[in-house]
Amino acid sequence: MLSTRPTDSQPATHDRVYRALRSRIMHGEIAPGQALTLRGIGKEFGVSMTPAREAVRRLSAEGALFLSSSGRVSTPELTNDRIEELAALRALLEVELASRALPRAHIALIDRLQSINMNVAEMVTKRDAVGYIRANLEFHRTLYLRAQAPAMLAIAETVWLQLGPTMRALYGRLRRTEPPHYHKLIIAALKAGDEPGLRLAVRSDVTQGLRLLVS
């Protein structure tokens, strides 16, 4: 009788490794330029080299990992030009997503955003950089889901993924003592149905911090 137990070469296993690494990179758990090895990934997740290699291949294609000609795998160290480019992409994509979400911004959404922002504040108090990045992205994702523009949101999430390690570095530079001021302005604009105010608040929120990293 043939066994139906999944092996670690099957798609489900590779996808588990991919999603776990993707989450870590997006939320700043891995520093810019940090090296990874297929052997180390395989050991950590209890899988063979095949799913580890496939996860790395996918993340490299998304710009989350850099694969050198020698086979060295690392998170990218972003140049000033690259940070500027990704900040500009955030401004274009996220302002549009917020604008599309505005007509569907019911009171339950606004309440949810206020609740998430309280979590952001808690992470600031705890000086938890990874928790802060995770909660901050949850704030934005929750709003943008109301835009009902899945292709646009997927591109925005790829930008977040490429910026993840850099956002960790940015958090250290900012030395936050309170949640982002612009989150309050975003919520206020949603309550008022103020599209110009919402677009300005989102653009400022997603670009001003990144500008500090460009020397």
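Taking G197 as the residue in question, decide whether it is under 26 Å from E29 (Cβ atoms) and either touching a strand residue (DSSP E or B) at 6+ places or on another chain (Cβ under 9 Å) or in a helix (DSSP H, G or I) (or both). The answer is no for G197.
The residues in region 57-67 that are free of Cβ contacts under 8 Å to residues at least 24 places away in the same chain and either of a type in the set (S, T, N, Q) or open to solvent by less than 80 Å² (accessible area, probe 1.4 Å) (or both) can be counted, and the count is 1.
Give the residue that is modelled with the highest pLDDT, with candidates limited to residues of region 107-127 that are open to solvent by 60 Å² or more (accessible area, probe 1.4 Å) and more than 27 Å from D194 (Cα to Cα). Out of the qualifying residues, it is E122. Looking only at residues of region 55-106 that are of a type in the set (V, I, T) and part of a helix (DSSP H, G or I), we find that the one that is modelled with the lowest pLDDT is I83. Of the residues making up region 140-147, at least one is among the small types (G, A, S) and touching a residue at least 12 places away in the same chain (Cβ under 8 Å).
Would you be able to tell me the number of residues in region 68-81 that are without any contact (Cβ under 8 Å) to a residue 12 or more places away in the chain and of a type in the set (D, E, K, R)? Give the derivation first.
In the first step, residues of region 68-81 are kept if they are without any contact (Cβ under 8 Å) to a residue 12 or more places away in the chain; the result is 68-71, 79, 81.
Still in the list and also of a type in the set (D, E, K, R): 81.
Adding up the residues that qualify gives 1.
Being of a type in the set (A, V, I, L, M), open to solvent by 30 Å² or more (accessible area, probe 1.4 Å) and assigned to a helix (DSSP H, G or I) is the filter here, so list the residues in region 21-49 that pass it. Those that are of a type in the set (A, V, I, L, M), open to solvent by 30 Å² or more (accessible area, probe 1.4 Å) and assigned to a helix (DSSP H, G or I): L38, M49.
Can we say F139 is modelled with pLDDT of 95 or more and either of a type outside the set (G, A, S) or more than 30 Å from A35 (Cβ to Cβ) (or both)? Don't jump to the end; show me each part of the working.
Values: modelled with pLDDT of 95 or more: yes; either of a type outside the set (G, A, S) or more than 30 Å from A35 (Cβ to Cβ) (or both): yes.
Judged against the criteria, F139 is a match.
Pairs are defined by a Cβ separation below 7 Å, a sequence spacing of at least 6 or placement on different chains, a first member in region 169-195 that is more than 19 Å from P103 (Cα to Cα) and open to solvent by 80 Å² or more (accessible area, probe 1.4 Å), and a second member that is at pLDDT below 95 and part of a helix (DSSP H, G or I); the pairs so defined are T177/V124; E178/A121; E178/V124.
The values are calculated or read from the model by the stated rules, or taken from the named source; none is laboratory data. None of these values were measured; they are calculated from a predicted model. For neighbour counting, all protein chains shown are included, and Cβ atoms are generated from backbone atoms with ideal geometry for every residue, glycine included. What goes into the accessible areas is simple: the full protein's heavy atoms, side chains included, and nothing from ligands, DNA or RNA. Shrake-Rupley method; radii C 1.70, N 1.55, O 1.52, S 1.80 Å.
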